[in-house]
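Step one of this worksheet: look at the structure below.
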Amino acid sequence: MPSALESLRSQGREREAGPHGIVAARWQGQVVDLTRELPEGAEPEFLTFADPEGANVYRHTAAHVLAQAVKRLFPEAKLGIGPAIEDGFYYDFDVPRPFTPEDLARIEEEARAIIAADYPIRRREVGREEARDFFASRGETYKVELIDELPEGATISLYDQGEFTDLCAGPHLPSTGWLAAFKVLHAAGAYWRGDERNPMLQRIYGTAFPRQEQLDQYVYRVEEARRRDHRRVGRELDLFSIHEEAGAGLVFWHPRGGVVRQIVEDFWRAEHRRRGYDIVFTPHVARLDLWKVSGHWDWYRENMYSPMDVEGVEYLLKPMNCPFHILMYRSQTRSYRDLPLRWAELGTVYRYERSGVLHGLLRVRGFTQDDAHIFCRPDQLQAELVGVLDLAQYMVESFGFSEYEIMLSVRDPANKQKYIGSDEVWEAAEGALLAALNQKELAYVVGEGEAKFYGPAIDITLKDALGRGWQGPTIQVDFNLPERFDLTYMGEDNREHRPVMIHRTVLGSMERFLGSLIEHYAGAFPTWLAPVQARVIPVADRHVPYGRQVVEKLARAGVRAEGDWRNEKVSYKIRAAQLEKIPYMLVVGDREEASSQVAVRHRSEGDLGPMSPDTFLARLREECAGRPGAWPAMP
RNA sequence: GCUGGCGUGGCUCAACGGAAGAGCAGCUGAUUUGUAAUCAGCAGGUUGUCGGUUCGAGUCCGACCGCCAGCUCCA
């Protein structure tokens, strides 16, 4: 029974194995240790760090090394779990006090020593009792809990490296020395099994790569993410603020941020009208009874604010717009000829979020959804879903998000009481979403248990310039609300029928979407979105009057232009404009004034030389072409 | 909400339990400037809030508010 490693050797490929090469194998669909013995003649597939499974093996081994280091320095620490995660790994420990930065430095040092010692990592399978006794005798109560929950007949494996043994399904690298670049990142509290009723463990995050350059790159990427943080950029560029005096999670849009938001909204409105949507407006509060009928009071109460008393009647701040659109639907008898109705609203909603989850623009308590509800006949459902997918694709790509991942969110089949509506209705809804995805030939993954309480959904995650994911469009099919509100339309057969409802948002919320845009572009918005598109920079005071003329001319043409009239040197004002990420700087001095030109500098392309204001305008027009809302209507 | 860390001019950060500071930004003046920081001066603070310990609190203790890293949740 040769191991995977030996079978490599017999092929003369042993040199391909190692941190930079093959780190694990896959055999019969299962990822296994390179040291795992396989039947004679087995032909395993080999995995490197570049394969997600390979990276997992690599990082998971790093987690064990971390745990070994912690146990050496803090023998009383009880082990939780230590999986590989995207970009790294973590391990949870139950310790009497949280880890300090000094502890983390010592742990990293100890981990390095463990890597240098190059302990072989060995797997052994044991019986349930043996495993239980082993961890119980060491006081590893969490491991015992895990063992007790393993299903009947499950293989229980332990991995040994040096003096350290962990309960683990594996697989792992052949020895600790295969870990090349290893780094402890930070620590934070985390509940055992993510449940706040359980004890809080201390989680240490770390990461590992085969090459130091990759680790350096990762560290750089983290720093770049910090540099792009929308909370920081938002303050630096004077886009928005959040005030303790007003309350957490409530956003104030400053003039500059307001410009960006308005352009996004104008673009959004224009595109929706073009695609047959009607724009509607609805109130911010409604009677409690309405929310009882809609089901929100029963199913969504923990996210809603307490009722307010209005002349003895209770009202609620709206957390969603759907019941309002439904009331409008019911305001008259609908014919099959009226459908589909596509009603879109930039609806501001308020949701109670626990204080600890608030985060800049990404998680707030008041936000404006780019919401829409489509009321259609069952036979129109698939075509409408395809139309929504098409719109969603077009919109996000217009804002520079060219990569995204799609998830079909369905019910958790083991937990059906979490959802309202019958099985048949759910199956029909899930089927319609699936059919639309297939018709658009979009790749997707199925997320079991990811559905909302009232229906299944398609959730799209956008990938930004740093490869990070952002919540993007979501599309939900809802057979339930039409039922609850008894929505009907008159069919060709002169009988009442039940319409289907689609809830959808393309950008999510203005707050979150602008937050993601800020980080995606690092504050350097493309010209059509830039709060200030051009800044005129006079060389000396005597050029200010000409500079003002240029600003006025540009402003009349619809350009967002302004001047820097401060008594400073050109380089000072250039630097200021660069830091503000203004796309164009127009320097005007004696030469420009004499020839009625402007010297154009682009924030990333540099000096573009002198040109007439009209030539500059033509350049801007071309750059912003096809962006409704970006450019005010021109005479 | 929970665990841990943190809260000092608009921003970034100093200050052993013993006189609240610097740089940037702002304002005033000088300078009249040609593609990423000209010089000088001025102003700016009840150290998040409330209470306590102390001869004395930015510093120690408590509560609350807010922020940060997570847990959980989500547009």
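For the range A:339-359 and the range A:522-598, what is the centre-to-centre distance using only Cα atoms, to the nearest Å?
Going from one Cα centre to the other spans 39 Å.
Please list 3J(HN,Hα) in residue order for the range A:491-500, calculated via the Karplus relation 6.51 cos²θ - 1.76 cosθ + 1.60 where θ = phi - 60°; whole Hz, with x for glycine and proline.
Per-residue couplings from phi come out as x, 4, 7, 6, 10, 7, 10, 9, x, 9 Hz.
Any of A:292/A:452; A:143/A:416; A:143/A:418; A:318/A:452 with alpha carbons more than 25 Å apart? Name them for me.
Numbers: A:292/A:452 18 Å; A:143/A:416 30 Å; A:143/A:418 30 Å; A:318/A:452 18 Å.
Going by Cα-Cα distance, A:143/A:416; A:143/A:418 fall outside the 25 Å limit.
What does the helix-only formula give at 222 nm for chain A: each DSSP H stretch with n ≥ 4 adding -39500 (n - 2.57), the total divided by the residues, and the result rounded to the nearest 500 deg cm²/dmol?
Computed ellipticity for chain A at 222 nm equals -10500 deg cm²/dmol.
In µm²/s, what is D for chain A at 10 °C and 1.306 mPa s, where D = kT/(6 pi eta Rh) by Stokes-Einstein and Rh is the Kirkwood radius from Cα pairs?
The estimated diffusion coefficient comes to 55 µm²/s.
Long-range amide H contacts for residue A:352: which residues qualify at under 5 Å (H placed 1.01 Å from N, peptide plane, sequence gap of 5 or more or a different chain)?
Sorted by chain and number, the residues that satisfy this are A:304, A:305.
What's the local net charge at residue A:174, with K and R +1, D and E -1, over the other residues with C-beta under 14 Å away?
-3
By how many degrees, 0 to 90 and rounded to 10, does the Cα axis of helix A:381-398 deviate from the longest principal axis of chain A?
80
At 0.36 nm per residue, minus the direct Cα-Cα distance, what do residue A:220 and residue A:576 gain on full extension? Give it in nm, one decimal, please.
Roughly 125.6 nm would be gained on extension.
GluC sites (Glu not before Pro) within the range A:168-227: which are DSSP loop residues with at most 10 other Cβ atoms inside 10 Å?
A:196
Place a label point 7 angstrom from the Cα of residue A:195 along the Cα-to-Cβ direction, then list the residues of the range A:151-168 whose backbone nitrogen is under 11 Å away.
Nothing falls inside the zone, counting backbone N under 11 Å.
Report Rg/Rh for the range A:428-545, rounded to two decimals, where Rg is the Cα radius of gyration and Rh the Kirkwood radius. Before the final figure, lay out the partial values.
On the way: Rg = 22.8 Å, Rh = 18.5 Å.
Taking Rh as the inverse mean 1/r over Cα pairs, Rg/Rh reads 1.24.
Name the residues whose placed amide hydrogens come within less than 5 Å of the amide hydrogen of residue A:314, ignoring near sequence neighbours (fewer than 5 apart) on the same chain.
A:288
Report ³J(HN,Hα) in whole Hz for each residue of the range A:136-141, in order, from the Karplus equation J = 6.51 cos²θ - 1.76 cosθ + 1.60 where θ = phi - 60°; Gly and Pro get x.
4, 5, 9, x, 8, 5
Show the residues, 5+ positions off or on another chain, whose built amide H is closer than 5 Å to the amide H of residue A:121.
Correct list: A:175, A:176.
In vacuum, with every alpha carbon of the range A:248-518 counted as one equal point scatterer, what does the Debye formula give for log10 I(q)/I(0) at q = 0.10, 0.11 Å⁻¹? Two decimals, please.
-0.51, -0.63
Find how many whole Å separate the alpha carbon centroid of the range A:163-198 from the alpha carbon centroid of the range A:242-272.
42
If I model a spin label at residue A:105 and residue A:188 as a point 7 Å from the Cα along the Cα→Cβ vector, what separation in nanometres do I get?
In this crude label model, residue A:105 to residue A:188 measures out at 2.3 nm.
Return the sequence-ordered ³J(HN,Hα) values of the range A:361-370 in whole Hz as given by the Karplus equation 6.51 cos²θ - 1.76 cosθ + 1.60 applied to θ = phi - 60°, using x for Gly and Pro.
These are the phi-based 3J(HN,Hα) values: 8, 7, 9, 10, 9, x, 8, 10, 7, 8 Hz.
Over the Cα atoms, compute the radius of gyration (one decimal) and Dmax (the largest Cα-Cα distance, rounded to a whole number) for the range A:130-204, in Å.
14.8, 39
Assuming 0.36 nm per residue, please report the length gained on full extension of the stretch residue A:332 to residue A:155 beyond their Cα-Cα distance.
57.4 nm
Taking the Cα centre as origin and putting +1 on Lys and Arg beta-carbons and -1 on Asp and Glu beta-carbons, what dipole magnitude results for chain A, to the nearest 20 debye?
Computed about the Cα centre, the dipole is about 2100 debye.
With r defined as the distance between the Cβ atoms of residue A:16 and residue A:608 and R0 fixed at 60 Å, what FRET efficiency is calculated, to the nearest 0.05?
Efficiency, from the Cβ-Cβ distance: 0.75.
Rule-based calculations on the coordinates, nothing more; no lab input. Everything quoted here is computed from the prediction, not taken from an experiment. Using ideal geometry, Cβ is built from the backbone for each residue, glycine included, and neighbour counts are taken over all protein chains shown.
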